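Undergrad: Before we start, here is the structure in question, set down as structure tokens.
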Amino acid sequence: MTLARPNLRAQATEARLQALTLPEGGAWARAARMAALTRLQGLGLPVRRDEYWRFTDPATLTAPAPAPAQPLADDEAPAFAGIDALRLVFVDGRFDAAASDPLALSGVTIERLPDAAARDIHWAQGLYGVLEAEGQHPVARPLAALNTAFATDGVVIHVTGPVARPVHIVQRHEDPSSDALLHHLVKLDPGARLTLLESGPAAARLNSVMEVEVADGAALHHVRTQGRDHQRRTATHVFARLGQGSDFRSFTLTFNGVLTRNEMVVSLTGSDAVAHVAGAAVGDGDFHHDDTVFITHGAEGCESRQVFKKVLRGGATGVFQGKILVKAGAQKTDGYQLSQALLLDESSQFLAKPELEIYADDVKCSHGSTAGAIDETALFYLRSRGVPAREAMDLLTLAFLREALEEIADAALAEDLSARLEGWLARRR
Amino acid sequence: MLEIRNLHVELEEGAKPILKGLDLSVGAGQVHAIMGPNGSGKSTLSYVLAGREGYAVTEGSAHLGDIDLLALEPEERAAAGLFLAFQYPVEIPGVGNMVFLRTALNAQRKARGEPEVSAADFLKLVRQKAQALRIDAEMLKRPVNVGFSGGEKKRNEILQMAVLEPRMCILDETDSGLDVDAMRLVSEGVNALRDQGRAFLVITHYQRLLDHIAPDVVHIMADGRIIKTGGPELALEVERNGYADLLAEAQ
Ligand SMILES: Nc1ncnc2c1ncn2[C@@H]1O[C@H](COP(=O)(O)OP(=O)(O)OP(=O)(O)O)[C@@H](O)[C@H]1O
Ligand SMILES: [Mg+2]
């Protein structure tokens, strides 16, 4: 007699779908959501035994309901408070018009996703779920398909000309049981430029997708910080498609959080495009932080650069899965990847899987991954000059993270995030 | 100023004895030199005084004035006025030289209950001291010792000493790797700090430094002990004849 092995994936997918309903929308949105639902049903939600989830258990991200997460009561100044930006506020995954600036900024049109989705015809049709669907190969990303099908809110940004101020997506977490599904679209016309800021924490559980189209000669600078709530869980996907000579830079700072999975899927489709993705993450205890990056070089002369640093303490876990895929014909590719963890004690761990897959012959690609403790010699040198042990550790920790922070192309933004890191170190979380 | 009595030190790993009953007394206002063969324990002595981990003091004592050095953390020893110019200064990528120096100075002042030095005053102070040592502003902006030449690292040690104004300065082979001009600058830096309230312990292999910094007392160290103490003429004797006779005499 054989016992049928319960199909965990089918069960998890079924249970999750039962807790969701397809949002209202016009014809194009309805079609995009249905297509995503079909994709999701074909793939099923991720389970721990999937190769892509070997180091990170997706169970709490796929569960029908979020585990409760208390918002952190704290008097730290909000992120990017000193940066003059157009603010779009989401509270627990819902747009808060009263707290937001008017959606008017010259050089850019900004709409809420539900408004764009309600229209019969909208440019968003050419982007919504499109990059996400392309990003399902060669590795499945079912949480992103789920997001496309069921996202309830988000912003749809179309940059046509010079923009005077950054756009800041402010995400606040107030409800301990909030479960947010946000989907943002960012489309830059040829030659357009935008700085896009994001700050969290967004909700008790967040599933967010951002699809980014950077046309020829356009530039997007994306800088985000994911907030300090300890119990929050987050899965994010950024899908970016880069045109000829375009420039995409993305930096993520993560504090705390019981689970964070940030997937960054970048496709360099036009020649001479540049993509820099970087991140710094600090956490302790049950902190689990996963950067999963997939960069496809599909055209000649492109440059990609990944710099990820994590500081782990008290049993924290860091994960890095980074792949550079160079397609046949993508000659003169310059690919660089660095992932490093500073382990402040022996109970913390860093799991890294760097990968190169190259089908062109004239290519320069390198990767390096290290995990190490504080440099005792440097620590003693600092202390011998009178710097107390704790302060010396902080100096060395910041020094370790500096290489990642230097990837932020704007000094004021780098300064803001650097001050936040110093605060985290001073408070000890 | 510095009183070391019967100091026995072994490596924590493997319990290998390095210092084997060392006695040394350096009075305020004095400059003492220590010479001795490679591996005799000179750097070990300086590290143990500065509080480096990895050494076990099994016997003896070391006091700075009436302060029991061995009971203090490294940063407390620094705040109490002890300074070690390292034989091999450490590179610290990502930490700027200026941030490092200012953090150190203010941490020491705070520990002593003195007010912190303002950013402007600090800049003035460092510029003035750096100029005397011919350390240019560009070097100060770089991370601590990163990409510095051997001689630049040694000059940077003396700059730190000049800014921190310790009362007990230990210089471990600060002269090694210095060109003739740098040797003169470093010596001038040391001589400028010489006064009644301060003492120096200068570890060196060469008479040349002692031409510039005239020591009051010269000690010969071998196998973890001071085997002979004398005046400046002792250094000249080592320069001429090496250690063989002195070692034989001590047997
Ligand atoms: N961490 C260590 N591990 C193993 N051996 C050590 C360690 N530190 C010192 N020693 C040994 O202790 C002895 C003394 O070393 P130390 O560096 O103090 O000598 P030194 O007098 O400063 O020599 P030099 O003139 O070459 O600088 C040497 O035999 C050295 O190999
Ligand atoms: Mg030595």
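The values are calculated or read from the model by the stated rules, or taken from the named source; none is laboratory data. Everything numeric here is computed off the predicted structure, so don't read it as measured data. Don't worry about glycine lacking a Cβ; one is built from the backbone with ideal geometry, like all the others, and counts go over all protein chains shown. Only protein heavy atoms, including side chains, enter the accessible area calculation; ligands, DNA and RNA are left aside. Shrake-Rupley method; radii C 1.70, N 1.55, O 1.52, S 1.80 Å.
Undergrad: So B:GLY39 passes all but one of these: (1) open to solvent by less than 60 Å² (accessible area, probe 1.4 Å); (2) farther than 18 Å from A:THR377 by Cβ; (3) outside any strand (DSSP E or B). Which condition number does it fail?
TA: Just one mismatch for B:GLY39, condition (1).
Undergrad: Please work out if B:VAL57 is over 23 Å from B:THR229 (Cα atoms), in a loop (DSSP other than H, G, I, E, B) and modelled with pLDDT of 95 or more. First the steps, then the outcome.
TA: On the way: over 23 Å from B:THR229 (Cα atoms): yes; in a loop (DSSP other than H, G, I, E, B): no; modelled with pLDDT of 95 or more: yes.
No, not satisfied.
Undergrad: Looking at B:LEU49, is it within 18 Å of B:GLU157 (Cβ to Cβ), part of a strand (DSSP E or B), within 14 Å of another protein chain (Cβ to nearest Cβ) and within 13 Å of ligand 1 (Cβ to nearest atom)? If you could, list the steps in order and put the result at the bottom.
TA: Working: within 18 Å of B:GLU157 (Cβ to Cβ): yes; part of a strand (DSSP E or B): no; within 14 Å of another protein chain (Cβ to nearest Cβ): yes; within 13 Å of ligand 1 (Cβ to nearest atom): yes.
No, not satisfied.
Undergrad: Next question, about the same structure. How about region A:98-214: which helices (runs of 4 or more DSSP H) wholly inside it have at least 1 residues that are within 28 Å of A:LEU325 (Cβ to Cβ)?
TA: On the way: elements: A:113-118, A:130-134, A:142-150.
Per the criteria, A:130-134, A:142-150.
Undergrad: Still on this structure: I'd like the residue in region B:103-125 that is in a helix (DSSP H, G or I) and of a type in the set (D, E, K, R) and, out of all such residues, is surrounded by the fewest Cβ atoms within 10 Å (Cβ to Cβ).
TA: Step one: list which residues in region B:103-125 are in a helix (DSSP H, G or I), which gives B:103-111, B:119-125.
Restricting the remaining residues to those that are of a type in the set (D, E, K, R) gives B:109-110, B:121, B:124.
Numbers: B:ARG109: 16, B:LYS110: 14, B:ASP121: 10, B:LYS124: 12.
Taking the candidates together, the pick is B:ASP121.
Undergrad: Let me ask something else. Of the numbered conditions (1) more than 16 Å from ligand 1 (Cβ to nearest atom); (2) surrounded by fewer than 19 Cβ atoms within 10 Å (Cβ to Cβ), B:TYR206 satisfies every one except a single condition; which is it?
TA: (1)
Undergrad: Okay, next question. Taking only region B:91-102 into account, find how many residues are facing chain A (nearest Cβ under 7 Å), touching a Lys or Arg at 6+ places or on another chain (Cβ under 9 Å) and either among the aliphatic types (A, V, I, L, M) or open to solvent by 30 Å² or more (accessible area, probe 1.4 Å) (or both).
TA: Here the count works out to 2.
Undergrad: Evaluate region A:109-117: report whether one residue or more is crowded, with 19+ Cβ neighbours inside 10 Å, under 25 Å from A:TRP28 (Cβ atoms) and touching a helix residue (DSSP H, G or I) at 6+ places or on another chain (Cβ under 6 Å).
TA: yes
Undergrad: Now for a separate question. Can you list the strands (runs of 3 or more DSSP E) found entirely within region B:149-247 that contain at least 3 residues being over 17 Å from the mean Cα position of the chain (by Cα)? Steps first, please.
TA: Values: elements: B:168-172, B:199-203, B:217-222, B:225-230.
Where strands (runs of 3 or more DSSP E) fall fully within region B:149-247 and carry at least 3 residues being over 17 Å from the mean Cα position of the chain (by Cα), they are B:225-230.
Undergrad: Next question. Based on this model, can you work out whether B:TYR88 counts as of a type in the set (Phe, Trp, Tyr), in a helix (DSSP H, G or I) and either within 16 Å of ligand 2 (Cβ to nearest atom) or surrounded by 22 or more Cβ atoms within 10 Å (Cβ to Cβ) (or both)?
TA: Details: of a type in the set (Phe, Trp, Tyr): yes; in a helix (DSSP H, G or I): no; either within 16 Å of ligand 2 (Cβ to nearest atom) or surrounded by 22 or more Cβ atoms within 10 Å (Cβ to Cβ) (or both): yes.
No.
Undergrad: When region A:91-116 is examined, which residues are found to be hydrophobic (A, V, I, L, M, F, W, C) and under 30 Å from A:ALA59 (Cα atoms)? It would help to see each step written out before you state the result.
TA: Kept after step one, since they are hydrophobic (A, V, I, L, M, F, W, C), are these residues of region A:91-116: A:91, A:95, A:97-99, A:103-105, A:108, A:110, A:113, A:116.
A:VAL91, A:PHE95, A:LEU113, listed by residue number.
Undergrad: Moving on to the next point. Applying the selection to region B:1-52, what residues are acidic (Asp, Glu) and either within 16 Å of ligand 2 (Cβ to nearest atom) or at pLDDT 95 or above (or both)?
TA: The first filter runs over region B:1-52 and keeps only residues acidic (Asp, Glu), leaving B:3, B:10, B:12-13, B:23.
Of everything in region B:1-52, those that are acidic (Asp, Glu) and either within 16 Å of ligand 2 (Cβ to nearest atom) or at pLDDT 95 or above (or both) turn out to be B:GLU3, B:GLU10, B:ASP23.
Undergrad: Sticking with this structure for a sec: Identify the single condition in (1) within 20 Å of A:ARG428 (Cβ to Cβ); (2) not in a loop (DSSP other than H, G, I, E, B) that A:ASP286 does not satisfy, given that it satisfies every other one.
TA: So the condition that A:ASP286 fails would be (2).
Undergrad: From the list A:ARG402, A:ARG420, A:ARG427, exactly one residue is over 24 Å from B:ASN145 (Cα atoms) and open to solvent by 50 Å² or more (accessible area, probe 1.4 Å). Which is it? Lay out the reasoning, then the answer.
TA: Values: A:ARG402 fails: over 24 Å from B:ASN145 (Cα atoms); A:ARG420 fails: open to solvent by 50 Å² or more (accessible area, probe 1.4 Å).
Within the list A:ARG402, A:ARG420, A:ARG427, the selection yields A:ARG427.
Undergrad: On to the next question. Could you go through region A:121-137 and let me know if any residue there is open to solvent by less than 10 Å² (accessible area, probe 1.4 Å) and of a type in the set (Val, Ile, Thr).
TA: So far as region A:121-137 goes, no, none of its residues is open to solvent by less than 10 Å² (accessible area, probe 1.4 Å) and of a type in the set (Val, Ile, Thr).
Undergrad: B:LEU64 is checked against (1) crowded, with 16+ Cβ neighbours inside 10 Å; (2) facing chain A (nearest Cβ under 8 Å); (3) of a type outside the set (S, T, N, Q) and fails just one. What number does that condition carry?
TA: (2)
Undergrad: Condition check: within 16 Å of ligand 1 (Cβ to nearest atom), among the aliphatic types (A, V, I, L, M) and either more than 9 Å from chain A (Cβ to nearest Cβ) or more than 23 Å from A:VAL387 (Cβ to Cβ) (or both). Does B:ALA71 satisfy that? Steps first, please.
TA: Working: within 16 Å of ligand 1 (Cβ to nearest atom): no; among the aliphatic types (A, V, I, L, M): yes; either more than 9 Å from chain A (Cβ to nearest Cβ) or more than 23 Å from A:VAL387 (Cβ to Cβ) (or both): yes.
Criteria not met by B:ALA71.
Undergrad: Out of the residues in region A:357-388 that are within 13 Å of chain B (Cβ to nearest Cβ) and among the hydroxyl-bearing types (Ser, Thr, Tyr), state the one that is farthest from A:GLU403 (Cα to Cα).
TA: A:SER384
Undergrad: Also: So, B:GLY29, is that one of a type in the set (Gly, Ala, Ser), more than 8 Å from ligand 1 (Cβ to nearest atom) and surrounded by fewer than 16 Cβ atoms within 10 Å (Cβ to Cβ) or not? Show your work before the answer.
TA: Values: of a type in the set (Gly, Ala, Ser): yes; more than 8 Å from ligand 1 (Cβ to nearest atom): yes; surrounded by fewer than 16 Cβ atoms within 10 Å (Cβ to Cβ): yes.
For B:GLY29, the condition - of a type in the set (Gly, Ala, Ser), more than 8 Å from ligand 1 (Cβ to nearest atom) and surrounded by fewer than 16 Cβ atoms within 10 Å (Cβ to Cβ) - is met.
Undergrad: So which residues in region B:193-203 are surrounded by fewer than 15 Cβ atoms within 10 Å (Cβ to Cβ) and either at pLDDT below 90 or among the charged types (D, E, K, R) (or both), if there are any at all? Spell out the reasoning first.
TA: First, pick out the residues of region B:193-203 that are surrounded by fewer than 15 Cβ atoms within 10 Å (Cβ to Cβ): B:195-197.
B:ASP195, the sole residue that qualifies.
Undergrad: Considering each of A:GLY285, A:GLY227, A:GLY322, A:GLY243 in turn, give the residue that is touching a residue at least 24 places away in the same chain (Cβ under 8 Å) and more than 28 Å from A:LEU181 (Cβ to Cβ). So that I can check it myself, show each step before the final result.
TA: Details: A:GLY285 fails: more than 28 Å from A:LEU181 (Cβ to Cβ); A:GLY227 fails: more than 28 Å from A:LEU181 (Cβ to Cβ); A:GLY322 fails: more than 28 Å from A:LEU181 (Cβ to Cβ).
The unique qualifying residue is A:GLY243.
Undergrad: Quick check: is even one residue across region A:410-425 closer than 30 Å to B:LEU105 by Cβ, polar (S, T, N, Q) and free of Cβ contacts under 8 Å to residues at least 12 places away in the same chain?
TA: Going through region A:410-425, the residues closer than 30 Å to B:LEU105 by Cβ turn out to be A:411-412, A:414-425.
So of that shortlist, the ones also polar (S, T, N, Q) come out as A:418.
Checking which are free of Cβ contacts under 8 Å to residues at least 12 places away in the same chain leaves us with none.
Among the residues of region A:410-425, not one is closer than 30 Å to B:LEU105 by Cβ, polar (S, T, N, Q) and free of Cβ contacts under 8 Å to residues at least 12 places away in the same chain, which makes the answer no.
Undergrad: Any residue in region B:53-61 that is within 14 Å of chain A (Cβ to nearest Cβ) and within 16 Å of ligand 2 (Cβ to nearest atom)?
TA: yes
Undergrad: Is it true that some residue in region B:117-131 is aromatic (Phe, Trp, Tyr) and within 12 Å of another protein chain (Cβ to nearest Cβ)?
TA: The answer is no; no qualifying residue exists.
Undergrad: Could you go through region B:177-186 and let me know if any residue there is among the aliphatic types (A, V, I, L, M), within 26 Å of B:THR44 (Cβ to Cβ) and either within 14 Å of chain A (Cβ to nearest Cβ) or more than 16 Å from ligand 2 (Cβ to nearest atom) (or both).
TA: So the first thing to find is which residues in region B:177-186 are among the aliphatic types (A, V, I, L, M), and the list is B:178, B:180, B:182-183, B:185-186.
Subset that is within 26 Å of B:THR44 (Cβ to Cβ): B:178, B:183, B:186.
Next, from what is left, pick out any that are either within 14 Å of chain A (Cβ to nearest Cβ) or more than 16 Å from ligand 2 (Cβ to nearest atom) (or both): B:183, B:186.
Yes - at least one qualifying residue is present in region B:177-186.
Undergrad: Can you give me the number of residues within region B:43-62 that are in contact with an Asp or Glu (Cβ under 6 Å, 6 or more places away or on another chain) and closer than 26 Å to B:HIS205 by Cα?
TA: Residues in region B:43-62 being in contact with an Asp or Glu (Cβ under 6 Å, 6 or more places away or on another chain) and closer than 26 Å to B:HIS205 by Cα: 3 in total.
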